[in-house]
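Step one of this worksheet: look at the structure below.
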Amino acid sequence: MKLRSKNFPEILGIGALLALIGLLLRFSLPESPRWLISKGKLTEAERIVEVMEKKATSKLGNLPPLPNIIQPYIAERYSYLDALKTIFSSSLYIKRFGILVSMWLFGYMTVYTLAAGLTSILASLGFAPPEAGMIAAIGVIGFILVPITTFFVGDRLERKTWTVISVIFTIIGGLLIAIAGTNVALSFLGSIILFYGFNLWVPTSYAWTAESFPTRARSTGFALCDGVGHIGGGIGIIAISSFIGSLIASGVTTTLAIEVFLLIALFQVISTIIAIAIGHRSANKRLDEVSP
């Protein structure tokens, strides 16, 4: 069925509405106290810190005293070049940059292939296009469960441990879809688990990457790792999808469907191995401890 031109205003309108909601939510986000101090707005910075302390106290009880090793913050101008120098003049941060870029490159191969191409993959495996689209749409439920998980239990485990958990769900979800056949309920369940798995990898990796660089270069370090990592997503869409197409051309079987989903998950597995094998710890530590 071809999409009629009159449908495009509704499609574009949905995207614009979501962007507007995101813009409105930004007004409720507090400014960084460090940034406010750098601008001489000490009263505003103190007010935000007080709110943060109250919220932390309500959840954790009495907060521990600040250690003496923390140095007072001195407001200074810090350029993008200064941030780059901070990262690439330190063996610690160069190593982290290499680890995180590699993690993102391989991880995004799986994420992009599933996020952008799942419906096409399902159709190639023999699902009718409307059925393939419905299976992928139901999978969004798994996406919704991700922020709930990270909100309540995200800080209870190391960031890199979550990469293991997420890839396990990705594999289980893909295998369920592959063996479901005409069992629509099993396909829906597999899709939900699949979406939960490859999307659970994202926010924990975001947090881990941001924590891996010092405050003065945090946004730059994160942007570089995530930005370069998106190249892997492009490779995934082009190379992996083409390879899957060549495999399916010989005929679709349950075994082949299993192999397809295992192939897609393989790159997330590689990403997880990198994180677990040589990645550092950061959960439940002060940022100045993790990234001095």
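The values are calculated or read from the model by the stated rules, or taken from the named source; none is laboratory data. Just so it is clear, the model here is predicted, and its values are computed rather than measured. FYI the Cβ positions are ideal-geometry reconstructions off the backbone, even for glycines, and counts take in every protein chain you see. The accessibility values were calculated without ligands, DNA or RNA, using every heavy atom of the protein model including side chains. Shrake-Rupley method; radii C 1.70, N 1.55, O 1.52, S 1.80 Å.
If I ask for residues that are in a helix (DSSP H, G or I) and touching a residue at least 24 places away in the same chain (Cβ under 8 Å), which ones from the range 135-153 would you list? If you could, list the steps in order and put the result at the bottom.
Residues of the range 135-153 in a helix (DSSP H, G or I): 135-138, 140-153.
Answer for the range 135-153, where residues must be in a helix (DSSP H, G or I) and touching a residue at least 24 places away in the same chain (Cβ under 8 Å): Ile135, Ala136, Ile138, Val140, Ile141, Gly142, Phe143, Leu145, Val146, Pro147, Thr149, Thr150.
Going through the range 139-159 one residue at a time, which ones are closer than 21 Å to Leu262 by Cα and surrounded by 22 or more Cβ atoms within 10 Å (Cβ to Cβ)?
Gly139, Gly142
Kindly indicate which of Val260, Val290 is among the β-branched types (Val, Ile, Thr), closer than 20 Å to Arg159 by Cα and in contact (Cβ under 8 Å) with a residue 12 or more places away in the chain.
Val290
Out of everything in the range 243-292 that is hydrophobic (A, V, I, L, M, F, W, C) and part of a loop (DSSP other than H, G, I, E, B), what residue ends up being nearest to Ala180 (Cα to Cα)?
Val252
So Ala136 fits all but one of (1) touching a helix residue (DSSP H, G or I) at 6+ places or on another chain (Cβ under 6 Å); (2) open to solvent by 40 Å² or more (accessible area, probe 1.4 Å); (3) at pLDDT below 95; what number is the exception?
(2)
Matching residues to (1) free of Cβ contacts under 8 Å to residues at least 24 places away in the same chain; (2) out of contact with any Gly (no Cβ under 9 Å at 6 or more places or on another chain); (3) over 15 Å from Thr149 (Cβ atoms); (4) surrounded by fewer than 20 Cβ atoms within 10 Å (Cβ to Cβ):
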| residue | (1), (2), (3), (4) |
| --- | --- |
| Ile177 | no, no, yes, no |
| Thr182 | yes, yes, yes, yes |
| Phe195 | no, no, no, no |
| Asn199 | no, no, no, no |
| Pro203 | no, no, no, yes |
| Ala207 | no, no, no, yes |
| Ser219 | no, yes, yes, yes |
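For the condition out of contact with any Ser or Thr (no Cβ under 8 Å at 6 or more places or on another chain) and outside any helix (DSSP H, G or I), what is the one hit in Gly98, Gly126, Gly174? First the steps, then the outcome.
Values: Gly98 fails: outside any helix (DSSP H, G or I); Gly174 fails: outside any helix (DSSP H, G or I).
Residue meeting the stated conditions: Gly126.
Taking Ser242, is it modelled with pLDDT of 85 or more, small (Gly, Ala, Ser) and open to solvent by 40 Å² or more (accessible area, probe 1.4 Å)?
No: the conditions fail for Ser242.
Just to be sure, is Ile270 surrounded by 20 or more Cβ atoms within 10 Å (Cβ to Cβ) and either in contact with a Ser or Thr (Cβ under 9 Å, 6 or more places away or on another chain) or not hydrophobic (A, V, I, L, M, F, W, C) (or both)?
Here the answer is no, as Ile270 does not meet what is asked.
Here is a yes/no grid of residues against (1) under 18 Å from Arg286 (Cα atoms); (2) open to solvent by less than 70 Å² (accessible area, probe 1.4 Å); (3) modelled with pLDDT of 75 or more:
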| residue | (1), (2), (3) |
| --- | --- |
| Ser5 | no, no, no |
| Phe8 | no, no, no |
| Leu12 | no, no, no |
| Ser38 | no, yes, no |
| Lys59 | yes, no, no |
| Asn68 | yes, no, no |
| Tyr73 | yes, no, no |
| Tyr80 | no, no, yes |
| Ser89 | no, no, yes |
